[in-house]
Amino acid sequence: MKRVKTDFPRRVHEIEHVWIPMSDGCRLSARIWLPEDAEERPVPAVLEYIPYRKDDWGAMEDSTRHPYFAGHGYASVRVDIRGSGDSEGLLLDEYLPQEQEDAVEVLAWLAAQPWCTGATGMFGISWGGFNSLQVAARRPPSLRAIITLCSTDDRYADDVHYMGGCGLGMYMLSWATTMLAINATPPSPAVAGERWRDLWLERLEGSPPFVEAWLSHQRRDAFWKQGSVCEDYGAIEAAVYAVGGWSDAYRNTVFRLLEGLLGPRKGLVGPWGHQYPEDGVPGPAIGFLQEALRWWDHWLKGIDTGIMDEPMLRSWMQERVEPQPHYDERPGRWLADPAWPSPNVETRAIRLGFAGESICGSEGAGHSAGAWCGFGIPGDPPADQRVEDGLSLSWDSEPLEERLEILGFPEVELELSADRPQALVCLRLCDVAPGGASTLVTRGLLNLTHLESHEHPAPLEPGKRYAVTVRLNAIAHAFPPGHRLRVAVSPTYWPWAWPSPEPVTLTVHAGELRLPVRAPQPEDDVFAPFGPPEGAAPVEYEAAPAPSAGRALRYDAASGRYELTWAEEYGHGAQRLLGSGVEFETRGTDFYAIVEGDPLSALTRSEWTMTFARGDWGVRVETSSSLSADAEAFRVTNVLDAYEGDTRVYSKARSLSVPRDCL
């Protein structure tokens, strides 16, 4: 349970709206929390810079975090990115140079304010974690440190678009449709005044569906390299605190940053999903705001908090659990490693017993995969993998004689051949209990046409043997004695991976599993556990009961058709902020379908509705998108409708066909 704090060392003053001017005349809207006496006793500024509507949709989360930092001697600033919330302009895609250039100007503006010491930091989760890294690579003079949570250093390798060169059937379209709806919401009349409707129509007409650009770049080209800080880790001089969760899609980034960055850095990985650690589910949640203050105090105030004397990496070693649809907590313990790669980790190679076995992919494989990116809600964790294992080519170890702990990236090396020029491989590592339950530990995907390069894919030669190495996602897991390791191989993994254009048979001639084995260390017990979660009091609100997220799988034996429906609600049902009177609600449904034996039947559809109201003002936007493919091309449609009250004021449908590029 999070402890709510209302008594801080310095009294907090909130500035609800400030315009920050950009050099091209565009204005960005900011909300600022700072100590009341900051004019007399200036403070450093920390910036969160995201497109999630600070005055309504994002207000609740902002209210627990930003006043907390302000009460401890910081100007904590929330800025709506250009084209979002109350900021002017258009948002044309994620992480564009314009977004980064605007942030550099925002930081310069903050550093020049009379209440600021001239020292700044950036922080954020997901989008805000991405751009914290990207802006740090531009070296703004005032930026001394960042905290990046659940983000990536490589936009092609680890985001909602592609994984191992495979197109993501899950989340690529869903996230694009969500952003199509967000970008179609208007600024508040309370800020924009009488111009709000004109600005709204500009957004409706000028904000494209992001999925069109994403599908148009199916290989790792300049489009993805822009904004991927792994292209030049040396460009980042600010201190970096990288944070992730084992249930989140972005945890690989923490390890790559610790290995690649040249400057001061720390890493933290808990059991959580895509959340701040003070709200982390599965738990245990931790007092992350206190940890962030230690980081800010060290780098922005020059106070020796001892944080840099502690291990570079703290991570949560997860105990094995029975597969189930939700975990409140993941049992385990905290580890302490002085560096990454860690001297405490050694590679153990295990020969796999594959010797010419073949597997013809089933479109049913992948439906028990769980969420690509977990948020700690029911239905996110992978189900018992026994069904998936039965649809794959599997190898089991002998029962373990002693406990085995791993930390890092397992790898699987295979010698394999495919009977088609385009194929993919999914590798899963599972923990099999004596009773047979199969718990997914980690997994990896590889588009086999990308064997040599994600930049220059090439068709396979059917029947030719290839040496294939697949790096699985980073993980910490303890295998108990008596359990077996299972490695499962499949040429299908829907809806995570968009299927190859023809049914594929893979033949595995040999294989090796390489595990990052870590023995318990005395240092693990030296450092005190993190404190309890804390936060400022959230804004007062009323909420209708939220419908629970639904995950429903239907299989029709007569037709062989699989249908998977995920219903989601961002937030906690319809909400009303008591202070401003703003009401809002967000709902979405994602649908995935495929027919056994027919990979060209794959279809994903996403629908989102966002509603905002205040007094006699009310708007609603609805988006509906679909993605399918034939042997030659992907076909995507996007429909956007906008309503003022009950009157539809805008409607537009657009379709695009994009040739398949070794995908």
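Assorted remarks:
- Cα centre as origin, Lys/Arg/Asp/Glu Cβ charges: the chain dipole, Debye: 360 debye
- For the chain, the residue among 653, 377, 119 whose Cα projects farthest onto the positive side of the dipole built from Cβ charges is 119.
- Longest to shortest principal axis, alpha-carbon extents of segment 516-663, angstrom: 62, 56, 33
- Each residue of segment 498-514 is assigned a 3J(HN,Hα), and the resulting list reads 5, x, 4, x, 10, x, 10, 10, 9, 10, 9, 8, 6, x, 9, 9, 10 Hz, derived from the Karplus form 6.51 cos²θ - 1.76 cosθ + 1.60 (θ = phi - 60°), x at Gly and Pro.
- Shape of segment 88-149, Cα gyration tensor, a/c cut at 1.5: oblate
- Per-residue SASA entry for residue 64, accessible area with 1.4 Å probe, Å² rounded to 10: 20 Å²
- Solvent-accessible area, 1.4 Å probe, carbon plus sulfur percent, for the chain: 51 percent
- For the chain, the solvent-accessible area works out to 36 Å² per residue, with a probe of 1.4 Å and every protein chain left in place.
- Rg and Dmax [Cα atoms of the chain; Å; Rg one decimal, Dmax integer]: 24.6, 76
- Distance between segment 206-240 and segment 290-359 - C-alpha centres, whole angstrom: 26 Å
- Set the Cα radius of gyration of segment 583-653 against 2.2 N^0.38 Å, with N its number of residues, and you get 1.46.
- Cα gyration tensor shape for segment 67-117, rounded if a/c is under 1.5, else prolate or oblate: prolate
- A protection proxy built from the mean count of other Cβ atoms within 10 Å ranks the segments 183-189, 385-391, most packed first, as 183-189, 385-391.
- Distance from the Cα centroid of segment 21-88 to that of segment 512-527 is 41 Å (rounded to whole angstrom).
- Loop-located GluC sites (Glu not before Pro) in segment 42-92 whose Cβ has at most 10 other Cβ within 10 Å (DSSP): none
- Orientation-averaged projected area, Cα convex hull of segment 1-129 (nm²): 7.9 nm²
- Fraction of beta bridges assigned by DSSP in the chain that are antiparallel (%, nearest 5): 80 percent
- Reachable lysines, given that their alpha-carbon falls under 26 Å from the alpha-carbon of residue 54 and they are not under 8 places away in the same chain: 2, 5
- Packing, taken as the mean count of other beta carbons within 10 Å per residue, orders the peptides 595-604, 409-418, 640-649 from highest to lowest as 409-418, 595-604, 640-649.
- For segment 267-280, the Karplus equation 6.51 cos²θ - 1.76 cosθ + 1.60, evaluated at θ = phi - 60°, returns couplings of x, 9, 9, x, x, 6, x, 7, 8, 5, x, 6, 10, x Hz by residue, with Gly and Pro reported as x.
- Here is the list for segment 472-551: GluC sites (Glu not before Pro) lying in DSSP coil, each with at most 13 other C-beta atoms within 10 angstrom of its C-beta, are 540.
- With the highest mean first, a sort of the peptides 105-115, 303-313 on other beta-carbon atoms found within 10 angstrom per residue produces 105-115, 303-313.
- Aspartates and glutamates whose Cα lies under 12 Å from that of residue 266, excluding same-chain neighbours fewer than 8 positions away: 291, 309, 310, 337
- Annotation: amide H-H contacts under 5 Å for residue 330 (H modelled 1.01 Å from N, sequence separation of 5 or more, or interchain): 283.
- With all pairs of different C-alpha atoms in the average, the Kirkwood value for the hydrodynamic radius of segment 271-396 is 18.3 Å.
- Remark: segment 575-590, residue by residue, has Karplus-estimated 3J(HN,Hα) of 10, 9, 7, 5, x, 9, x, 6, 10, 7, 8, 9, 9, x, 9, 10 Hz, where x stands for each Gly or Pro and the curve is 6.51 cos²θ - 1.76 cosθ + 1.60 at θ = phi - 60°.
- Less than 5 angstrom separates the built amide H of residue 370 from those of 383, all sequence-distant by 5 or more or on a different chain.
The values are calculated or read from the model by the stated rules, or taken from the named source; none is laboratory data. Note that the structure is predicted; figures quoted are calculated from it, not measured. Glycine gets a Cβ as well: all are built from the backbone with ideal geometry, and neighbour counts include every protein chain shown. With ligands, DNA and RNA removed, areas are computed over all heavy atoms of the protein, side chains included. Shrake-Rupley method; radii C 1.70, N 1.55, O 1.52, S 1.80 Å.
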